[in-house]
Amino acid sequence: MEKIRIVLAGPRGKMGTEALKMIESTPHFELAAAVDSRNGGKRIKDIVGLPSFEALIYEDLHVCLDETVADVLIDLTKPEIGKKHLEIALERNVRPVIGTTGFSDEDLRRLSDLAADRQTGAIIAPNFAIGAILMMKFSQMAAKYLPHVEIIEKHHDQKLDAPSGTALKTAQLITEVRESVKQGHPEETEDLPGARGAELDGMRIHSVRLPGLVAHQEVIFGGEGQTLTIKHDSMNRASFMPGVKLAVERVMKIDQLVYGLENIIE
Ligand SMILES: NC(=O)C1=CN([C@@H]2O[C@H](COP(=O)(O)OP(=O)(O)OC[C@H]3O[C@@H](n4cnc5c(N)ncnc54)[C@H](OP(=O)(O)O)[C@@H]3O)[C@@H](O)[C@H]2O)C=CC1
Ligand SMILES: O=C(O)C1=N[C@H](C(=O)O)C[C@H](O)C1
């Protein structure tokens, strides 16, 4: 099998270090280069705690792709950087697999057009954990029958964005199958602003940030005399890696942008 040559952005991060281990243990993956916010000119093996890859580190993706032959870019940095990197990669026909969040509907339309123009596959995955994908799919199924729903997402306190990309994607999948519902009492008030959480199409989303947490979500449905809770917990970042690996393999076979791993798992 031909090796897939990968550029990894964010190799020192919590997700990036797991991705390095996943690349190291996958015989048909090769780390071609890395993009970091510092350490330009060093090699991955020079960074204490990282595996002994010879791959060079760049601080600018443009320069990296000028000097590197690559098939896939994996981006695990932060929201505004992931978006920028996706565009740079597509313009050079390098296939992006993006784990960062923060893509608006307008961004998705524009980037889908760009991927189609370039006939280059791209995957944006708000959550790479297979269990989280199932949690989202099951939530979409349930919302057809139980349209009153609130989402509680809980993450570590180093997370930059709120609500999580997973919560937004879950809400979006639910809006595809139910009419907007005004939830709660029609005359309810918020005596403390934010008490009812964020609102998306009538749904409430609550974000919890605490040390000790990794990535967790509960989707709670309420009906007459009953509730249904669909819950997923990622206990560590290794939980995301089978999904990253799958996305790298699949992005090589598509020529358009796919938003959400639920669209590529069978
Ligand atoms: N889709 C999914 O399943 C998952 C997605 N995520 C997302 O992945 C991203 C990374 O998460 P996590 O690993 O926890 O975060 P970390 O903060 O641990 O890692 C982010 C890394 O990106 C680096 N970085 C920042 N700016 C740049 C840049 N311009 N170029 C290259 N590297 C850069 C940071 O360096 P420095 O510290 O020097 O700034 C840091 O090493 C987040 O957006 C998170 O929400 C996380 C888990 C699962
Ligand atoms: O920042 C994180 O940690 C995570 N981010 C993604 C999100 O915003 O949904 C995926 C997962 O929840 C972990």
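The values are calculated or read from the model by the stated rules, or taken from the named source; none is laboratory data. These numbers were taken from a predicted model, which means no experiment stands behind them. Heads up, the Cβs are rebuilt from the backbone with ideal geometry, glycines too, and the neighbour counts pull from every protein chain shown. Calculation scope for accessible area: heavy atoms of the full protein, side chains included, ligands and nucleic acids excluded. Shrake-Rupley method; radii C 1.70, N 1.55, O 1.52, S 1.80 Å.
Taking helices (runs of 4 or more DSSP H) as the structural unit, those lying wholly within the range 72-160 and holding at least 1 residues that are touching a residue at least 12 places away in the same chain (Cβ under 8 Å) and under 24 Å from Arg178 (Cβ atoms) correspond to 105-118, 130-143.
Going residue by residue through the range 193-213, is there one that turns out to be within 16 Å of ligand 1 (Cβ to nearest atom), in a helix (DSSP H, G or I), surrounded by 13 or more Cβ atoms within 10 Å (Cβ to Cβ) and among the hydroxyl-bearing types (Ser, Thr, Tyr)? For the range 193-213, residues within 16 Å of ligand 1 (Cβ to nearest atom), in a helix (DSSP H, G or I), surrounded by 13 or more Cβ atoms within 10 Å (Cβ to Cβ) and among the hydroxyl-bearing types (Ser, Thr, Tyr): absent. Here Glu187 fulfils each of the conditions (1) more than 27 Å from Pro96 (Cβ to Cβ); (2) open to solvent by less than 10 Å² (accessible area, probe 1.4 Å) apart from (2). For the condition in contact (Cβ under 8 Å) with a residue 40 or more places away in the chain and under 19 Å from the mean Cα position of the chain (by Cα), Met203 does not qualify. Residue pairs whose Cβ atoms lie under 9 Å apart, sitting 6 or more positions apart in sequence or on different chains, and linking a residue in the range 48-61 that is outside the structural domain of Glu18 (by the TED database) to a partner that is not in a loop (DSSP other than H, G, I, E, B), do not occur here.
Can you tell me which residue is farthest from ligand 2 (Cβ to nearest atom) among those in the range 1-24 that are outside any strand (DSSP E or B) and β-branched (Val, Ile, Thr)? Break it down stepwise before answering.
At the first step, the residues of the range 1-24 found to be outside any strand (DSSP E or B) are 1-3, 10-24.
This time we only want the ones that are β-branched (Val, Ile, Thr), so: 17, 23.
Details: Thr17: 13, Ile23: 20 Å.
My answer is Ile23.
The number of residues in the range 12-48 being more than 10 Å from ligand 1 (Cβ to nearest atom), surrounded by 13 or more Cβ atoms within 10 Å (Cβ to Cβ) and of a type in the set (Lys, Arg) comes to 3. Restricting attention to the range 52-64, which residues are away from ligand 1 (no atom under 11 Å from the Cβ) and open to solvent by 20 Å² or more (accessible area, probe 1.4 Å)? Hits for the range 52-64 are Ser52, Phe53, Glu54, Leu56, His62, Val63.
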